[in-house]
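Report on the following structure.
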Amino acid sequence: MKSPFRLRILRMAIPYLAVTLLYTTVSFSQESVTTPEKFFGYKMGADRQLARWDKIVTYFHLLETESDKIRVMDMGPSAEGHPFLIVLITSPENMADLGHLQEINKKISNPEGIPGETMAEYIKEGKAVIFQSMGLHSSEVASTQMTPELAYDLLTANDDDTKRILDNVLFFMIPCMNPDGEVMVTDWYNETKGTKYEGVGQPTLYHKYCGHDNNRDGDYMNLQESKYIAQAMYVDWPPQAYTDHHQMGAYGARFYVPPYCDPIRPWADPLVWREMSWYGAHIAYKLQEKGYQGVLNAAQYSGWGHFGWHWITPFHNIAGMLTESAGAKLATPIYIQPEQLKAGVRMFPAYEAQSTFPDPWQGGWWHVRDIVNQQKVAAMALLDMAARNRETVLETAYLKARNQTEKGAEGDVKALIIPADQHDYLTAVKMVNILLRSGIKITKASGEFTSEGKYFGVGSYVIPLAQPKMGLIRNLLMQTHYPDNAWTRKEDGAPLRPYDLATHTMAEFMGVTVEPVGAIPEGSFFVVTGQEKPAGNIAENTADFYFDGRQNASYKAANMLIDIGFTVKRVDPPANMYHPGDFVIEKISRDKLSPVARQTGVNFLPLPAKPEAVHTVIRGRTGLFQRYYGGNIDEGWTRLCFENYGFPYKTLKSEEIKKGTLNKKFDVIVIPDDSPEMITGIFGKESRIKPEDYPEKYRSGIGKEGTAAIKDFVNNGGTLVVLGRSWAFAAKTFDLSVRDVTKGLDSKAFFCPGSTVKVTFDNRDPLAYGMPAEGLVLFRNSPVFEILPERFNERYKTVVRYKKKDLLQSGWLDGEEHIAGKDGMIRVTCGKGEIVIIGFRTQHRDQTDGTFKLLFNSIIK
């Protein structure tokens, strides 16, 4: 069957999905569309075969030349330069009307000021917008392999169901959320195929910075790939439903499909939870109809998860869903004995039939092709449901937006104010820009105003709660508590660990003050329509300046100045008119300062009087420890944090440490959060890591030799910074008189799984320069310290201490008495050097801006 393509040029007026769609008089034949099997040379998901991303990209571009139902949009380069694609599949008629359909979609998603009768017309005229994404976690190989076949089927099938989908749905497919990782894992698999290492996981992170944690970036959008996704889903084409396709362990259910089980996170519109059940039931039914066994829904994955893509989208009024297929050994099939099949997760207590798992799989061979097949059924089922119920889907989208706006207008909190007067104003602006990327409406004060008796200055931001994303705003910016109920505890009262953190309160993580108010402030405000870019000011008629050491951005400014050869100083106590840690730069021209001020937003103020005490900044030559065995996610995020603020560093691997003489190359060595066995490479019999599973060149660990080298490094004047669990390595190596007061405590006695906790900072200590006197830290099962008596107590210094009572701000904390008044960060003099021990999550996922300075001050001294 042929369908003519009319001549038309349409440019979608959107920043990232900007693409010229050229419609010509070319006719397309379904028979001319190249099959995936012909193009790749094998069936997608075939045993021991993985198509590399570059070839998949080529195939999608080929399809675009062969069909008028597909458009391939290259959003830009990934972190390592591979193309990031979004593929649109719909009817030619819809393709020709995208600009109009996009306008309708945006108005349904945000119906402010639109009369009911007009909205009814939009619902009749509009199309369901559905996003589905694949390949976020690159070791979960099947979903990206499935996408060429899913596209081919939609482009060539001539049945009524497919026609209905194409006519009623705009299907945006993200074939690979992590192109870099897909290339890495494919190359690794091909390197080891046919050897005894075949099917073993990638030895390094499968993303430049974050590995598995790229699914924890739907709120902050720190990664380039996340920015593309957010622009598409949060702003340009808000979908009514979204599914992210994943894989899980091999020894449970064959396939998890929506909905989530309890507990759920508050403030989403109730309709969104109903939608997930609605879609999920259809997906499960279609799988059962086609004879797929081992399908589980409403279990295992709770509605309160991390704020990655499928768990944050419900708060954008999107039915955000997840599928999880049982995995294989990358592309190698796995054989599973019946007795190896296990359950024992939320709402799935035993591997036997239940209402949400009516047809257990009994074991046998499990292939990637099995995963491809079931994921394709699930993907088509979602599209089918949306197509059959297009008007209901669109009306529900409108109702969610209207309901959330009304709840925001009627709630006890009407608006949130982000005052201009902040401890770190530029970090507050950074947070505003993140929220803008999420499609949140924000206004800015062009004059002073008061609200509930408080004064707010020019440049303060106001976020009204009467908007469709009210639930997202409340979760990110207001105090939240993880539920403590029957869904979150075992029968014996022991708490069930949240899937990720117990809170994701962005403002608290970033150290930004947010004021809730019960009425919309009166004054002069304007809507912020683009990213805020403060232009740093430079004082006139002087060559001597200081800049605020409380601003994270000032560290980037200091690094830029050091990089071009200037001497930077810091103010020491007594600071008088300055803050301890303020930076000083002298004898410098405006021409040299201008690019620094422009790029950082930092103000360079006239030096009114010479500070009483200053010291010259010495930026330590920094080594960041990196290991294999899948890589260390915390190390990757630390690299990104360093790069964002201009800190030079060198990746330091085990073999270089073992060589010794580290002081010749480094002043500071940072060991990210890790277990001592991962650092040393000395594993016990019960360890999940088996070095013999990896080629010898990928077996890391500093061993006894490297441990001695680290000890020499510190004793000879180096600084060792240990984060989180790595403290235990330092404690043993240096025989420190420090203990973790939480060690050995039962979870019923003490439990704090990812919460913001109140502390005091000794901001007269150089390691805490720029910090407030009191604040919050992110506590995630973190070690908490007590300094034990020894002959040389004076060599220990507490920098951060937990408050004595009422510690919890947001999240979940049982047994606060065990950590009240104890130490969160200490410094220890050892020989000529020192050890900096930070127990809490100081640079967690590059999100906890409020405590970045504690790490930065370990390097800039």
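The values are calculated or read from the model by the stated rules, or taken from the named source; none is laboratory data. No experiment lies behind these values; they were computed from the predicted model shown. Reconstructed Cβ throughout: ideal geometry from the backbone, glycine too, with neighbour counts over all protein chains shown. Surface areas here come from the heavy atoms of the whole protein model, side chains and all, with no ligands, DNA or RNA. Shrake-Rupley method; radii C 1.70, N 1.55, O 1.52, S 1.80 Å.
Among the candidates Asp236, Asp269, Asp219, Asp213, single out the residue that is of a type in the set (Asp, Glu), buried (at least 24 other Cβ atoms within 10 Å of the Cβ) and closer than 26 Å to Asn433 by Cα.
Asp219
Take residues that are without any contact (Cβ under 8 Å) to a residue 24 or more places away in the chain and out of contact with any Gly (no Cβ under 8 Å at 6 or more places or on another chain) and tell me which of the strands (runs of 3 or more DSSP E) falling wholly in the stretch 521-594 contain 2 or more.
Strands (runs of 3 or more DSSP E) meeting the threshold: none at all.
Within the stretch 684-721, how many residues are hydroxyl-bearing (Ser, Thr, Tyr) and free of Cβ contacts under 8 Å to residues at least 12 places away in the same chain?
Matching residues across the stretch 684-721 total 1.
Can you pull out the helices (runs of 4 or more DSSP H) entirely within the stretch 46-120 that have at least 2 residues that are touching a Ser or Thr at 6+ places or on another chain (Cβ under 9 Å), open to solvent by 40 Å² or more (accessible area, probe 1.4 Å) and of a type in the set (Val, Ile, Thr)?
Helices (runs of 4 or more DSSP H) meeting the threshold: none at all.
When you check Asn603 against the structure, is it loosely packed, with under 13 Cβ neighbours inside 10 Å, out of contact with any Lys or Arg (no Cβ under 9 Å at 6 or more places or on another chain), among the polar types (S, T, N, Q) and touching a residue at least 12 places away in the same chain (Cβ under 8 Å), yes or no?
no
For the structure I just gave you, tell me whether Phe545 is over 20 Å from Gly850 (Cα atoms) and among the aromatic types (Phe, Trp, Tyr).
Judged against the criteria, Phe545 is a match.
Does the stretch 337-352 include one or more residues that are hydrophobic (A, V, I, L, M, F, W, C), in contact with a Cys (Cβ under 7 Å, 6 or more places away or on another chain) and assigned to a loop (DSSP other than H, G, I, E, B)?
Yes, the conditions are met somewhere in the stretch 337-352.
Looking at Thr760, Thr756, Thr842, Thr798, which one is in contact with a Leu (Cβ under 8 Å, 6 or more places away or on another chain), of a type in the set (Ser, Thr, Tyr), within 30 Å of Tyr546 (Cβ to Cβ) and at pLDDT 95 or above?
Every option except Thr842 fails the conditions.
What tally of residues in the stretch 626-667 results from selecting those that are assigned to a helix (DSSP H, G or I), polar (S, T, N, Q) and within 24 Å of the chain's Cα centre (by Cα)?
Result for the stretch 626-667: 2.
Which pairs do you get when a residue that is more than 12 Å from Ser302 (Cβ to Cβ), found in the stretch 483-498, comes within reach of a residue that is modelled with pLDDT of 95 or more and acidic (Asp, Glu), reach meaning Cβ atoms under 8 angstrom, with the pair 6+ apart or on two chains?
Partner pairs satisfying both residue conditions: Ala494/Asp746; Pro495/Asp484; Pro495/Asp814.
For every residue, the table says whether it meets (1) more than 20 Å from Ser277 (Cα to Cα); (2) open to solvent by 50 Å² or more (accessible area, probe 1.4 Å); (3) under 33 Å from the mean Cα position of the chain (by Cα).
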position: Glu339; (1), (2), (3): yes, yes, no
position: Lys342; (1), (2), (3): yes, yes, yes
position: Arg346; (1), (2), (3): no, no, yes
position: Glu352; (1), (2), (3): yes, yes, no
position: Ser355; (1), (2), (3): no, yes, no
position: Asp359; (1), (2), (3): no, no, no
position: Val368; (1), (2), (3): yes, no, yes
position: Gln375; (1), (2), (3): no, no, yes
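For the subset of the stretch 826-841 comprising residues that are more than 17 Å from Asp765 (Cα to Cα) and not basic (Lys, Arg), which member is surrounded by the most Cβ atoms within 10 Å (Cβ to Cβ)?
If we take residues in the stretch 826-841 being more than 17 Å from Asp765 (Cα to Cα) and not basic (Lys, Arg), then Gly839 is surrounded by the most Cβ atoms within 10 Å (Cβ to Cβ).
Does Gly623 qualify as being at pLDDT 95 or above and open to solvent by less than 20 Å² (accessible area, probe 1.4 Å)?
Criteria met by Gly623.
Being in contact (Cβ under 8 Å) with a residue 40 or more places away in the chain and in contact with a helix residue (DSSP H, G or I) (Cβ under 7 Å, 6 or more places away or on another chain) is the filter here, so list the residues in the stretch 348-371 that pass it.
Asp359, Gln362, Val368, Ile371, listed by residue number.
Here is a yes/no grid of residues against (1) of a type in the set (S, T, N, Q); (2) more than 21 Å from Cys176 (Cβ to Cβ); (3) part of a loop (DSSP other than H, G, I, E, B):
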{"position": "Trp267", "(1), (2), (3)": "no, yes, yes"}
{"position": "Val272", "(1), (2), (3)": "no, yes, no"}
{"position": "Glu275", "(1), (2), (3)": "no, yes, no"}
{"position": "Ile283", "(1), (2), (3)": "no, yes, no"}
{"position": "Leu287", "(1), (2), (3)": "no, yes, no"}
{"position": "Gly305", "(1), (2), (3)": "no, yes, yes"}
{"position": "Met321", "(1), (2), (3)": "no, no, no"}
{"position": "Tyr335", "(1), (2), (3)": "no, yes, no"}
